[in-house]
Amino acid sequence: MADRKELAKLCSSRDWSKAIRVLDSLLSQSCSIQDICNRAFCYSQLELHKHVIKDCDKALQLDPNLLQAYILKGRSLSALGKKDDGILVWEQGYKIAVRHSTDLKQLLELEELLASAKPKGTIGHEDHVMDSSSAASFASESGSEICSASTPEIHNKKKDASEVHIRPNNGAIVNQRPNNGAIVNQRPNNGAIMNQKVFVTGISKSKSISLDFRLSRGIAQVNEGKYDQAVSIFDQILRENPSYPEALIGRGTAYAFQRELDAAIADFTKAIQSNPLAGEAWKRRGQARAALGESVEAIEDLSKALEFEPNSSDILHERGIVNFKFKDYNAAVEDLSSCVRLDKDNKSAYTYLGLALSSIGEYGRAEEALEKSIQLDPNFLEGWTHLVQFYHELADSEKAFECLKQLHFVDSRFAKAYHLRGLLHHGMGEHRKAIKDFSVGLSIESSNIEYLYFRASCYHAIGDYGEAVKDYDAVLDLELDTMEKFVLQCMAFYQKELALYTASKINSEFCWFDIDGDIDPLFKEYWCKRLHPKNVCEKVYRQPPLRDSLKKGRLRKQDFAATKQKAVLLQAADAIGKKIQYNCSGFLHNRRQYRMAGLAVIEIAQKVSKAWRFLQLEWKFSSKNAPKSGKKARRKEKVAVASQNRGGAGCSTSSSSEPSTSYGFSDDRSAYGRSMMSWQEVYNLGVKWRQISEPCDPVVWINKLSEEFNSGFGSHTPMILGQAKVVRYFPNCQRVINVAKAIIEETKHVNNSKDENIDLSEAGKLQKVKCAESCSDLYSVVGEDFWLATKCNSTAFEGKHLEGTRITIQKTAERGFDFAIRTPCLPARWDEYDTEMATAWEVLCNAYCGELYGSTDINALENVKDSILRLAYYWYNFMPLSRGSAVVGYVVLLGLFLAANMEVTESIPQGIQVDWEAILSRDPAPTMIDFCTTLSLLEF
């Protein structure tokens, strides 16, 4: 009762701000339709029209016949320039009033409103909606509320309409502002900055109204982008009333637009302390904290704001985006789905919903949400951009290019579009086209580090080392502001050195190009790990400058003249190379990699067939001179000569004038008693082609890194990262879980992060493991991060088991798991697989270089085929490269089949990833296993 009396007193004195606070308190205790209407009326007196509309909508949900709500809502719509919408609302109210006739006064008021609003002869009302006793308006036509649109904008003082931030790194939530600087809000929160006055005992009525005027003026200044003037007005108010929450929120918002986020948070915090029911203060502080990257605190504040406005699409949108940036994709999907149910025209919410759905592997729904955003606004740059990225990640290049066409149609000077198209061309091996796109992007944004870095890498790949070095130097000279840019700058250092190294070798035979033998191990270690190059600069000699390689006789012009022989060779290489393509989501078709693979297969087939020819002659010779007992003389194998450094500065040893004898054989060697070609030499042919095909990929032999090899350096292939499902590898997830369960049931233990055994032999735990359906279920049984290893049955040593790959589950901060396979290449493991590979290679050579040599009978060559598959099986479980093991393994497999007169004529089956088939198989025997069964389906 006391609150009601105070409310009446405040309304009599026209102290609307204080009256709103009392109504907030009453509504927090019980939801009264009359109190909602009263608050809407108070908001109307302060010209906070969007708040009026929101309260009227809420009241009409509870009672569709409430005439007062129709009157107030129509007035506010008219005041916001939506005259037609206002008339429609009044007409709805008038029809209800005529039917019920319960409040004749309001019926007549609606008639007058419609008489003034419509042309003569119809019912309408004039546009002026403010009572003569209300405060004068300082707001623009779009409203004076300091609220964001569907996403907060406090991180960006001025934003051009064409500028789009894609997935900002600092946690700030991006929003596009109207060109007039007004901050538009569709469904603002109650209370907070809209409550423009505190009634203080002893302050006269005229002084209270003066405070309202100044507060309205401050709000208008913020909406017009005049933040310094706004701060000055709010400062004056706060000198008189230091805890005035509306002024604190207003000043905090102005600070936020000026990127003074700490000051903004301090003001919002004071406002909350002064009025804990001020939902707008909680919301604003949440936005500011999100802009600072304080995701946990931001979510807490926005969740508190939702307690005051459970159905606020704005707050749901805000929290959904913060959850997305916090990588809590499931929560983001929930918030953003609720948001678009309430606000079906929120294009930004649809965009982020699509991104969140894509992250959790719901690609169909993700595509629908992203397409919805551009249906709502065909000129929505951010929506088109995210749709391009979505199709790129799925490796649907055709749809990605179609979206890029639309993006260029919307804004031909949108630099990000050229960057995206350049990346797509780069990923498809079309480096010259990519250079053109990155160049256009740089003509718009001349200091963009990504455009410079990727253009440099494309020049590097096509052999234009002068332009590559120039762009790498430009990257190294840029001022940086984020860690991501710093990593690119570090990589530019390493890539420049490699470009200089390649330039110094360009006129030599391909066998002289030897990154693994020539480049310092410490350099390679830091390059692979993307570490700061300071230590490298101090300890490693640098490559000679490009001008030395450009001197006469060192770098002659490349011969690109087309000849019949070249055309035939390239045509054959392209046809062969296409067979490396994985027909799975996420794997782009790359013409450059096809050609690389084809040329590598041809070279491997040629050199291996030459080696096998000599071995076959040796077999014939030994057969003729075999003892009468029938035993064949055992061939004595010589040790292969190690690759020598021939590379000058930046290399691990001094230069040599002799080429390496590690790869292939010269023609003047004797046919007998010669050294056998080792398995490393065979695979290194594929490695070198992979290194030259994409120079920005750090492809090196792990055992030729620095002393860090002793502590283990291996591959990491994730299927799940937090809550994100990795598009390329998640399809293997359930199969890996089943393999992990089988191993646990067999071994009854796993290893924790300290490599200590965790006993799982209890019947209850084993039963839970058996019932587990996800990595989360397995983690709950173990109770901590753990790993377990697959097993490879040895053929070199009967009964021996090699450690295959490690299946790891680690809990992450993003409310999910890092579920991956890892392959640590420790020295002891390397030695085991080296022996296994050598044995498998010798078995293959013996199988083919005897009586079957030269045969084209597929049935007769069954043992040869099995031997090739066995070698590939151990290679994939070995994973001896820093990256690229999968493609190199398949390239060598194709080359060996070709050398043995068996050409693979079919592509890899849909959904099959050959390396995963091998990794998840325990035995190389073709009769047992998915890996070999799959490859046996290929036609020869």
### Summary
Net charge near Phe493 (other residues with Cβ under 11 Å of its Cβ; Lys, Arg +1; Asp, Glu -1) is +2
#### Entry: Packing-based ranking, highest mean first, of 277-285, 256-264, 872-880, 745-753 given that Cβ atoms within 10 Å are counted
277-285, 872-880, 256-264, 745-753
### Task
Stick to the Cα atoms of region 18-68, pair each with every other, and give me the Kirkwood hydrodynamic radius in Å at one decimal.
10.8 Å
### Query
If we restrict to alpha carbons, what Rg and Dmax does region 250-297 come to, in Å?
9.6, 26
### Message
Under a Cβ-only charge scheme (Lys and Arg +1, Asp and Glu -1), can you give me the dipole magnitude of region 469-556 about the Cα centre, in debye to the nearest 20?
### Response
380 debye
### Task
Work from the charge dipole of region 725-776 (Cβ charges, +1 for Lys and Arg, -1 for Asp and Glu, about the Cα centre) and give the residue of Val736, Gln767, Ser753 farthest towards its positive end.
Val736
#### Entry: With 5 Å bins from 0: P(r) over region 31-117, alpha-carbon pairs, percent
3, 18, 27, 26, 20, 6, 1
### Task
Can you pull a Stokes-Einstein diffusion coefficient for region 736-855 at 25 °C (0.890 mPa s), Rh from Kirkwood over Cα pairs, as a whole number of µm²/s?
149 µm²/s
### Query
Mean projection of the alpha-carbon convex hull of region 806-860 over all orientations, in nm²?
7.0 nm²
### Summary
Compactness summary of region 57-96: radius of gyration and Dmax from Cα atoms, Å, are 9.4, 27
### Task
List the extent of the Cα atoms of region 451-550 along each of their three principal axes, largest first, rounded to whole Å.
43, 27, 19
### Count, lysine Cα pairs under 22 Å in region 31-117, 8 or more residues apart or across chains
19
### Message
If packing is taken as the average count of other Cβ atoms within 10 Å, what order do 678-689, 396-407 fall into, highest mean first?
### Response
678-689, 396-407
### Query
What order, most packed first, do the peptides 796-803, 288-295 have when packing is the mean number of other Cβ atoms within 10 Å of each residue?
288-295, 796-803
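Read-outs: derived from the displayed coordinates by stated rules, not from any lab. Only a predicted model underlies this, so the values are computations on that prediction, with no experimental measurement involved. Quick reminder, even Gly has a Cβ in these numbers, built from the backbone with ideal geometry, and neighbours come from all protein chains shown.
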